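Novice: My questions will all concern the structure given below.
The values are calculated or read from the model by the stated rules, or taken from the named source; none is laboratory data. Since the model is a prediction, treat every value here as computed from it, not as a measurement. Cβ sites come from the backbone with ideal geometry, for glycine too, and all protein chains shown count toward neighbours. Areas reflect the complete protein model, heavy atoms only, side chains present, ligands, DNA and RNA absent. Shrake-Rupley method; radii C 1.70, N 1.55, O 1.52, S 1.80 Å.
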Amino acid sequence: MQRLLVLCISLMLLASWSCTQDGEEITVVATEEVIFVSGEKIRVVGRLITNQALQATDHGFQLSESESFSNPTIISLGEKDGPGRFIGETDGLAISRNYFVRAFVNVDGVELFGQTIATETLSPSIDSFSPLLSGPGEELTIIGRNFTADTRVFFGDVEATILDMDFESRLTVRIPEFGGKVLTPLIVLSQNERLESTQSFEYQTGKYTLLAQFPDAERIYDNIYFQDQNSFYFGLGSLKSGASLTSFRRFDPQTGILSSMDFPGETRKGGFSAGGYIGGGADVAQASFKYKRDFWKLNGNAFERLADIPTESFHSLAFEANGQLFYAGGGNDPRAIHKYDPRTNAWSTSSVSPIEFESNMTTFTYQNKAYFMDSLNLIWEYEPVSDSWSKFTEMPSSVGTAFGIAQVIGDKVYIGLFSRSTVLRELDMKTKTWKTKNPIPGLAASLNAGAFVYQDQLYLLRTPEKTVPGAPMEFYRFEPDGF
Amino acid sequence: MLRRLVYILLLIPIACIDPYQVEVPEGEQLLTVEGMIHTGVGPQAITITRSVTYGSIFEALIRPVSGATVVIRDNEGSVTFLEEGTEARGVYFTPIDFRAEIGKSYNLQIQLSDGKVYSSLPERVESAPEIEEISLKTVTIPVEGETNPRSGVQLVSEINDPADQNNFYFWRLSPIVHVLETRPDLFVIRETRTPAPKACCNVCYRTEYTGNQSLFIAQDDNFNGLSTRIPAAFIEDNGLRFVNKLRVDLKQYAVSQEAYRFLRLVKQQAEISGSIFDPPPATIRGNMISLDNPDEVVLGYFMAAGESTKRIYIDKSDLTFRQNAGIVPDDCREEDGADINPPSDWNPD
């Protein structure tokens, strides 16, 4: 009986002892991590850890510039039911400033705080922008960091419209009107911190002045054009009506006078011309295709007939270098180049070229070397003295079906106005860099009937395609650096 | 007595045919984010998918999450925009010139087309020790009921672990390139079963995405500051890969402690064998958070790591055991990823 009593007492003691393990309440608030901080925005993660089913009347974060949290900014997330993670976010902070942040939870009027984390808002900066060259009204993208909501963008002194801002790092702006400087600094103001791009933005230039319009009936096709020091010449080919044009028009850019000039040879289509030389082509008005082999040179006000060209030629590419005339392709051999020496009045043939010359290719001459643009957008360089070829550079965009123009002013070449394109580009022959110039006004469905250079300005004769009714032929002056 | 026993025995099977109805709660299609940025060459990829639902009936497929805005932001505020692959929906690629920088922390931010925003916790990029040497070990794995074991090559990375930092290693393999030998002279037209030997070609170079056969990870608790050798990858011999030469780049990553913990848990779950000592299956929390609802479960982990890489050419003679050479009775160029020309940087000597 005594043993039984001892056993009962022991069991009672054991039972009461186990009950004392229960009842300890644990509630902890943790400021876990600052997961995002930018120029003016902060995002913090906190956590409420508890073994109780508690109801917090408020929770969130306190943010202050002082570690004592005097006058803190409260990020209130409202009531919270039970434990778990919470995320707080606020903006409107000052850039490049030290802040202290801690999580809080308010339970039954008692505020519990997490540990304090120190952080610093970041400063804005510009990394890059593109395009580097463009025109008013176009969009430009600035890549940078930590732009604030009040960011403003200026092109020099002219403010641009901000269209979009992504992730505080990518600004899309509309380029404002020209402020007077072609090269202008790009300035970004974020919370009154002034940021200036290391590279200047360049306004796209190129001013076109319409000098004359020709009546619809005057539209010419398949013509030849060339120039001497004082005058531009365009002619032969045919009119829109289909009638052959047997003469040339001469334009004097000094006086602006347009006059007519007779040609002693027969008219033709697809002839070549360069440096006052004229030759090749064919009479396609006849039932049979009749090639022209006569070859001429303009001397003063008269044409002089020279030795006939050695091959048939139709839409050959011609150029003048070192006082000699060359024509390439256009006959039975699309890789052949024929050379005329005025001292001997005789023709010879150069070595076979690595490219096939096509009638739609564009060519120009610079420092007595010839350049050809192929259909793969490559520009080939031909050195006539050594009779050698090399790849020079590449066009930044497709030449399409070509039939463009290429004219040299100083060290710059103006290339473009390819078929159904109004784009004109500038190639710097020294640096091999390209710049896009302003597009030519008028119809894109126009052909190039003439391109001339006079006093560092380009003169362009554009004739609408045959299918375009009513539109006149237009004559423009182009100032490369004009605005 | 016997009659009663018979009745009782008859009752037992009747009771057993009642099906047990399991009520499994309908699972959600959870957002899953996988990806790693590193200091190696790009482009680097982040994959975003929705997991399949689970329930009493298996339904749906893992769906790619398309049309999201995905950016990577460093601790200085520089943001890199990722572009979704045109042929890989739900896979977002960094620009090709993007490389993570050692010492910087990176966040992944995702905005879905429905406006929901997700962010990762910051991941700091640590430098990865160089791979000093790669040694090879032929491994055979007995297969129950088969006379021939599975086999392959284990790549063992030799590293000088830095003493001044706690390192967490993770290894992956680049696509392998191996010489593929086939028998075009044995080609048979399948439909008519007519022999039609082909004149070409019996030797090609095949690129294969084998992946790593397991998760190869390690931490330096036991070898901090020491030179050590750790199994880092395994390439299975399928009878075609090791008939001549095979090339692979072993990539060694220095991941964060949290990323290592995640990978270790994934490895544990993936290698559950069904024994009573296995850890119970559980959802492994990653480092992605929904900013709209912090309680939302987001699967996966965004990692940022330093990378070191070493290339190795494995000759058939390096293996102590090889599978019987497989016979491919066709022009080798007909095989996926095969080309008659070696890669431009193929240099086994």
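Novice: Is there any pair linking a residue in the stretch A:392-420 that is free of Cβ contacts under 8 Å to residues at least 24 places away in the same chain and small (Gly, Ala, Ser) to one that is open to solvent by less than 40 Å² (accessible area, probe 1.4 Å) and assigned to a strand (DSSP E or B), with Cβ under 6 Å and at least six apart or on different chains, and which?
Specialist: The qualifying pairs are A:Gly416/A:Leu424.
Novice: So, of the residues in the stretch A:122-168 that are within 18 Å of B:Thr80 (Cα to Cα) and among the charged types (D, E, K, R), which turns out to be farthest from the other protein chains (Cβ to nearest Cβ)?
Specialist: A:Asp164
Novice: Still on this structure, please answer the following. Identify all residues within the stretch A:156-176 that are closer than 26 Å to A:Lys207 by Cβ and under 18 Å from the mean Cα position of the chain (by Cα); write none if there are none.
Specialist: Result: A:Val173, A:Arg174, A:Ile175, A:Pro176.
Novice: Still on this structure, I have one more. May I ask you to say which residue of A:Ser419, A:Ser388, A:Ser375 is open to solvent by 20 Å² or more (accessible area, probe 1.4 Å), more than 24 Å from the chain's Cα centre (by Cα) and among the polar types (S, T, N, Q)?
Specialist: After ruling out the rest, the residue left standing is A:Ser388.
Novice: Additional query: Among the residues of the stretch A:252-277, count how many are assigned to a strand (DSSP E or B) and out of contact with any Asp or Glu (no Cβ under 9 Å at 6 or more places or on another chain).
Specialist: Final tally of qualifying residues: 7.
Each row is one residue, and each column tells you yes or no for (1) in contact (Cβ under 8 Å) with a residue 40 or more places away in the chain; (2) out of contact with any Ser or Thr (no Cβ under 7 Å at 6 or more places or on another chain).
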residue	(1), (2)
A:Pro131	no, yes
A:Ala149	yes, yes
A:Phe155	yes, no
A:Ala160	no, yes
A:Lys181	no, yes
A:Gln213	yes, yes
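Novice: In the list B:Glu191, B:Glu158, B:Glu181, which residue meets the criterion of being free of Cβ contacts under 8 Å to residues at least 40 places away in the same chain and over 28 Å from B:Gly35 (Cβ atoms)?
Specialist: B:Glu191
Novice: Identify the residue in the stretch B:177-226 that is under 21 Å from B:Glu133 (Cβ atoms) and in contact with an Asp or Glu (Cβ under 7 Å, 6 or more places away or on another chain) and, among all such residues, is surrounded by the fewest Cβ atoms within 10 Å (Cβ to Cβ).
Specialist: For the stretch B:177-226, the residue satisfying everything is B:Leu226.
Novice: Restricted to the stretch A:199-248, and to residues that are open to solvent by 50 Å² or more (accessible area, probe 1.4 Å) and assigned to a strand (DSSP E or B), which residue is modelled with the lowest pLDDT?
Specialist: Ranking the candidates gives A:Ser244 first.
Novice: Also, quick follow-up: Picking from B:Leu136, B:Leu31, B:Leu82, which residue would you name as being surrounded by 13 or more Cβ atoms within 10 Å (Cβ to Cβ) and touching a helix residue (DSSP H, G or I) at 6+ places or on another chain (Cβ under 6 Å)?
Specialist: Selected residue: B:Leu136, the only one of B:Leu136, B:Leu31, B:Leu82 that is surrounded by 13 or more Cβ atoms within 10 Å (Cβ to Cβ) and touching a helix residue (DSSP H, G or I) at 6+ places or on another chain (Cβ under 6 Å).
Novice: Would a scan of the stretch A:286-295 turn up a residue that is surrounded by 16 or more Cβ atoms within 10 Å (Cβ to Cβ) and within 30 Å of A:Glu426 (Cβ to Cβ)?
Specialist: No, the stretch A:286-295 contains no residue that is surrounded by 16 or more Cβ atoms within 10 Å (Cβ to Cβ) and within 30 Å of A:Glu426 (Cβ to Cβ).
Novice: What is the residue count in the stretch B:291-333 for residues that are within 14 Å of chain A (Cβ to nearest Cβ) and within 27 Å of the chain's Cα centre (by Cα)?
Specialist: Going through the stretch B:291-333 one residue at a time, the tally reaches 5.
Novice: Among the candidates A:Ser38, A:Ser68, which residue alone is of a type in the set (Gly, Ala, Ser) and either surrounded by fewer than 21 Cβ atoms within 10 Å (Cβ to Cβ) or free of Cβ contacts under 8 Å to residues at least 24 places away in the same chain (or both)?
Specialist: That would be A:Ser68, the only listed residue that is of a type in the set (Gly, Ala, Ser) and either surrounded by fewer than 21 Cβ atoms within 10 Å (Cβ to Cβ) or free of Cβ contacts under 8 Å to residues at least 24 places away in the same chain (or both).
Novice: Still on this structure, I have one more. So which of A:Asn299, A:Asn322, A:Asn332 is open to solvent by 40 Å² or more (accessible area, probe 1.4 Å), of a type outside the set (Lys, Arg) and either more than 22 Å from A:Tyr454 (Cα to Cα) or not assigned by TED's automatic domain parsing to the domain that holds A:Asn230 (or both)?
Specialist: A:Asn332
Novice: Would you check if there is a residue in the stretch B:30-51 being more than 23 Å from the chain's Cα centre (by Cα) and assigned to a strand (DSSP E or B)?
Specialist: no
Novice: Any residue that is open to solvent by 30 Å² or more (accessible area, probe 1.4 Å) and in contact with a Pro (Cβ under 6 Å, 6 or more places away or on another chain) - is there at least one of those in the stretch A:148-159?
Specialist: Within the stretch A:148-159, one or more residues are open to solvent by 30 Å² or more (accessible area, probe 1.4 Å) and in contact with a Pro (Cβ under 6 Å, 6 or more places away or on another chain).
Novice: Just the residues that are touching a residue at least 40 places away in the same chain (Cβ under 8 Å) and over 23 Å from A:Phe319 (Cβ atoms), please, taken from the stretch A:262-288.
Specialist: Residues satisfying the conditions are A:Pro264, A:Ala285.
Novice: Let me ask something else. Against the definition (touching a Leu at 6+ places or on another chain (Cβ under 7 Å) and either more than 14 Å from chain A (Cβ to nearest Cβ) or at pLDDT below 95 (or both)), how does B:Thr39 come out, yes or no?
Specialist: When the stated conditions are applied, B:Thr39 does not pass them.
Novice: Moving on. Filter the stretch B:71-99 for residues that are within 8 Å of chain A (Cβ to nearest Cβ) and aliphatic (A, V, I, L, M) and give the result.
Specialist: B:Val71, B:Val79
Novice: Could you tell me whether any residue of the stretch B:123-134 is within 14 Å of chain A (Cβ to nearest Cβ) and not in a strand (DSSP E or B)?
Specialist: No; the residues of the stretch B:123-134 include none that is within 14 Å of chain A (Cβ to nearest Cβ) and not in a strand (DSSP E or B).
Novice: Then there is this: So, of the residues in the stretch B:323-340 that are touching a strand residue (DSSP E or B) at 6+ places or on another chain (Cβ under 7 Å) and assigned to a loop (DSSP other than H, G, I, E, B), which turns out to be nearest to B:Tyr253 (Cα to Cα)?
Specialist: By that ranking, first place goes to B:Gly337.
Novice: Here's a check for you: in the stretch A:73-103, which residue that is within 22 Å of B:Arg285 (Cα to Cα) and under 47 Å from the mean Cα position of the chain (by Cα) is farthest from the other protein chains (Cβ to nearest Cβ)?
Specialist: Taking the candidates together, the pick is A:Gly88.
Novice: Can you pull out every residue in the stretch B:138-175 that is under 17 Å from B:Arg229 (Cβ atoms) and part of a loop (DSSP other than H, G, I, E, B)?
Specialist: Scanning the stretch B:138-175 gives B:Asp161, B:Pro162, B:Asn167.
Novice: For the stretch A:149-208, name all the residues that are under 29 Å from B:Tyr118 (Cα atoms) and charged (D, E, K, R).
Specialist: Within the stretch A:149-208, A:Asp150, A:Arg152, A:Asp164, A:Asp166, A:Glu168, A:Arg170 meet the criteria.
Novice: Also, quick follow-up: Sort out which residues of the stretch B:58-70 are within 12 Å of chain A (Cβ to nearest Cβ) and open to solvent by 30 Å² or more (accessible area, probe 1.4 Å), and write them in order of number.
Specialist: If the condition is that a residue be within 12 Å of chain A (Cβ to nearest Cβ) and open to solvent by 30 Å² or more (accessible area, probe 1.4 Å), then B:Thr69 is the only one that fits.
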